[in-house]
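Asks: This structure is in structure tokens; I'll ask about it shortly.
Every number here is computed from the coordinates shown, using simple stated rules; none is lab data. Keep in mind the model is a prediction, meaning the values are calculated, not measured. Every residue, glycine as well, gets a Cβ built from its backbone with ideal geometry; the counts of neighbours run over all protein chains shown.
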Amino acid sequence: MPQSSTTEHALEQVLAAARACTLCAAHLPLGPRPVVRAHPAARVLIVGQAPGTRVHASGIPWDDPSGDRLRAWLEVDRDRFYDPRCFAIVPMGFCYPGRGKGGDLPPRPECHPTWHGKITALLPEVRLTLLLSRYAIDAYLGPLARGSVRETVGAFAELPTDRIALPHPSPRNNRWLRENPWFEAEVLPELRRRVRAAFEADGISTPPGSEP
Ligand code: SF4
């Protein structure tokens, strides 16, 4: 079996196991429904927080206003965004974690150590990882993370170029975006440049899903 087929088969097996996971079922108010997608050809890895109730119901990641904003930030259409050969979507928690006083609860802590290493080991083409949320930033930047999401996002030029920290694109962050206009002015152009570069590497010359 060619190496690429072997990797694809191995990833399919890991994803099937993840989608059948019930590890923290006792803590999930709506029960397990892991939402994760990936393909070994993916160039960009999106690490978000965890599904909300709408995504839990549909099983489609980022199928909500947060996803609409994220696609606008990336300048990609839905077809490209949902092509796992382009974007792998692997949140910090694969299942809806429930609701607390201040909004949705954090991703379940069992999920990242159980699944992320197994999945990302089978994504050899990833050139850029988008870190959306404090949890993703801490997991993927570790000691390189600054004291706050704002500081980490703002330090984009000093951090490794294969990872970029972003605020969560939720409408709940509209105020944050208004109060930090440098994000749209400075970080978004760099984000789009890095996404284009990720797809242009090794011969894919057309940035997937770029709006005309
Ligand atoms: S949140 Fe993650 S660890 Fe918990 S049941 Fe879902 S897939 Fe398994």
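Asks: Evaluate 2.2 N^0.38 Å with N set to the residue count of region 1-83, then give the Cα radius of gyration divided by it.
Replies: 1.24
Asks: Kirkwood-based Rg over Rh for the chain (C-alpha set), two decimals? List each step's numbers first, then the result.
Replies: Details: Rg = 16.6 Å, Rh = 17.6 Å.
Over the Cα atoms of the chain, Rg/Rh equals 0.94.
Asks: Amide H neighbours of LEU128 under 5 Å, at least 5 residues apart or on other chains, H built in the peptide plane: list them.
Replies: Hits under the 5 Å cutoff: LEU45.
Asks: Give me the net charge of ALA157's neighbourhood, meaning all other residues with Cβ under 9 Å from the Cβ of ALA157; Lys, Arg count +1, Asp, Glu -1.
Replies: Result for the neighbourhood of ALA157: -3.
Asks: If you build a Gaussian network model of the chain, linking Cα atoms that sit under 10 Å apart, which residue out of PRO181, PRO106, PRO167 swings the most?
Replies: Answer for the Gaussian network model of the chain: PRO181.
Asks: Hey, what do the phi angles of region 47-62 turn into as Karplus ³J(HN,Hα) couplings, whole Hz, using 6.51/-1.76/1.60 and θ = phi - 60°, x for Gly and Pro?
Replies: For region 47-62, the Karplus-derived couplings read 10, x, 8, 6, x, x, 5, 5, 5, 4, 6, 8, x, 9, x, 6 Hz, x marking Gly and Pro.
Asks: Using the number of other C-beta atoms within 10 angstrom as an exposure proxy, rank THR161, THR114 with the fewest first. Mind showing how you got there, number by number?
Replies: On the way: THR161 12, THR114 16.
Placing the least packed residue first, the sequence is THR161, THR114.
Asks: To the nearest 20 debye, what charge dipole does the chain have about its Cα centre, counting +1 at the Cβ of each Lys and Arg and -1 at the Cβ of each Asp and Glu? Working shown, then result.
Replies: Working: 26 positive and 23 negative charges, 117 e Å.
Result for the chain is approximately 560 debye, rounded to the nearest 20.
Asks: Which net charge results when you count Lys and Arg as +1 and Asp and Glu as -1 among the other residues whose beta-carbon is under 11 Å from that of TYR82?
Replies: Taking every other residue near TYR82 into account, the sum is +1.
Asks: Mean-square fluctuation check for the chain, GNM, Cα pairs under 10 Å: which of SER66, SER170, SER58 is largest?
Replies: Result: SER58 has the largest fluctuation of those listed.
Asks: Along the charge dipole of the chain, Cβ charges K/R +1 and D/E -1, which of VAL35, LEU15, PHE156 sits furthest on the positive end?
Replies: VAL35
Asks: Determine the calculated [θ] at 222 nm for the chain from helices alone, applying -39500 (n - 2.57) to every DSSP H run no shorter than 4 residues and normalising by the residue count; nearest 500 deg cm²/dmol.
Replies: Rounded to the nearest 500, it is -9500 deg cm²/dmol.
Asks: Would you mind calculating the relative contact order of region 3-203 from Cα pairs under 8 angstrom and at least 6 residues apart, reporting the percent as a whole number? The partial results should precede the final answer.
Replies: On the way: 310 pairs, mean separation 49.2, N = 201.
24 percent.
Asks: Given H placed 1.01 Å from N in the peptide plane, which residues other than close sequence neighbours of GLN49 have an amide H under 5 Å from its amide H?
Replies: So GLN49 has HN proximity to MET92.
Asks: Related question: When a footprinting reagent is the concern and you count Cβ atoms within 10 Å, what order do THR120, THR152 take, fewest first?
Replies: THR120, THR152
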